[in-house]
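Here's the structure, in structure tokens; my notes come after.
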Amino acid sequence: MKRFCVIGLGNFGYHVARALYESGHEVIAVDLNREKIKRIQEFSSYTIIGDAGSKEFLVGQGIGEMDAVVVSTGDRSHLSTLITLYLKELAVPRILVKAVSEDHGRILEKIGATEVIFPEKDMAIKVARGLSSPNILEFLPLSDDLSISEAAPPARFVGKSLVEIDLRRKYNVTILGIKDVLTGHFHTLPKATHVIKDSDILVLVGKARDIDIAFRG
């Protein structure tokens with residue numbers, strides 16, 4: 001069981017804290033608003049009403065001992081920036097911060113955020129990709145132009161071997177693994193002779209645009 005702290009309990013912070021708690025982790029929820037604290041109480045290990053913008057508060061509550069801290073202070077970019085700086089000074093291993101703009105995100109990265117989150121942007125991209133390429137089930141960006149995706153095979157792939165569809169040569173997309181959803185068996189780096197079934201889920205790495213083109217239609 002890992003120990004997490006969520007600072008800021010708006011909609012984003014609330015759902016992060018609840019999901020972590022329901023996954024079996026210890027979750028400390030922090031906010032100045034009593035109503036928000038009351039809302040999360042049954043979905044957290046314990047709650048704290050306090051000012052996370054105070055380094056003394058963070059030290060006193062043992063926040064520096066967490067495995068990771070999620071910071072979500074709404075539009076108060078100055079507050080999330082200050083908290084991020086303090087968490088970095090306390091040597092928190094993972095600091096995930098919700099950014100309000102691209103500029104804010106760059107500042108957060110420079111002062112110590114290990115991960116910067118743009119919920120609206122990330123969801124917009126996910127929705128757009130789902131509409132554009134419905135076969136793409138999951139999408140994880142590794143860099144600005146490289147992604148890992150899970151995809152159901154389009155009908156034109158079913159019954160063909162990997163060497164026949166030849167994704168690497170045609171689309172510059174590599175298949176890392178294939179999972180059969182019926183048996184649960186996972187093939188790591190499958191052989192070129194593997195014949196694709198409609199129950200297969202393909203794990204791919206490549207540029208997002210190339211994956212979209214390969215699996216569209």
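Computed values, structure above
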item	result
Every residue from the stretch 61-79 that is among the hydrophobic types (A, V, I, L, M, F, W, C) and either on the phi > 0 side of the Ramachandran plot or in a helix (DSSP H, G or I) (or both)	Ile63, Leu79
Flag for Val173 being touching a helix residue (DSSP H, G or I) at 6+ places or on another chain (Cβ under 8 Å) and not polar (S, T, N, Q)	yes
Only listed residue being part of a helix (DSSP H, G or I), touching a helix residue (DSSP H, G or I) at 6+ places or on another chain (Cβ under 6 Å) and surrounded by 17 or more Cβ atoms within 10 Å (Cβ to Cβ), chosen from Leu82, Leu87, Leu58	Leu58
Yes/no for Glu150 being assigned to a strand (DSSP E or B), under 20 Å from the mean Cα position of the chain (by Cα), modelled with pLDDT under 65 and assigned by TED's automatic domain parsing to the domain that holds Ile196	no
Count - residues of the stretch 32-55 that are outside any helix (DSSP H, G or I) and more than 18 Å from Thr81 (Cβ to Cβ)	8
Residue match in the stretch 194-213 (condition: within 24 Å of the chain's Cα centre (by Cα), modelled with pLDDT under 85 and of a type in the set (A, V, I, L, M, F, W, C))	yes
Residues being surrounded by fewer than 18 Cβ atoms within 10 Å (Cβ to Cβ) and among the hydrophobic types (A, V, I, L, M, F, W, C) - total across the stretch 161-204	9
Failed item in (1) of a type outside the set (Lys, Arg); (2) more than 17 Å from Val30 (Cβ to Cβ); (3) out of contact with any Ser or Thr (no Cβ under 8 Å at 6 or more places or on another chain); (4) without any contact (Cβ under 8 Å) to a residue 40 or more places away in the chain, with Pro119 passing the rest	(4)
Residue match in the stretch 3-14 (condition: surrounded by fewer than 17 Cβ atoms within 10 Å (Cβ to Cβ) and at pLDDT below 95)	yes
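The rows are residues; the columns are (1) in contact with a helix residue (DSSP H, G or I) (Cβ under 6 Å, 6 or more places away or on another chain); (2) aromatic (Phe, Trp, Tyr); (3) assigned to a loop (DSSP other than H, G, I, E, B).
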position: Val158; (1), (2), (3): no, no, yes
position: Lys179; (1), (2), (3): no, no, no
position: Gly184; (1), (2), (3): no, no, yes
position: Asp198; (1), (2), (3): no, no, yes
position: Asp210; (1), (2), (3): yes, no, no
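The values are calculated or read from the model by the stated rules, or taken from the named source; none is laboratory data. This structure is a prediction, so every number in the text was calculated from the model and none was measured. Heads up, the Cβs are rebuilt from the backbone with ideal geometry, glycines too, and the neighbour counts pull from every protein chain shown.
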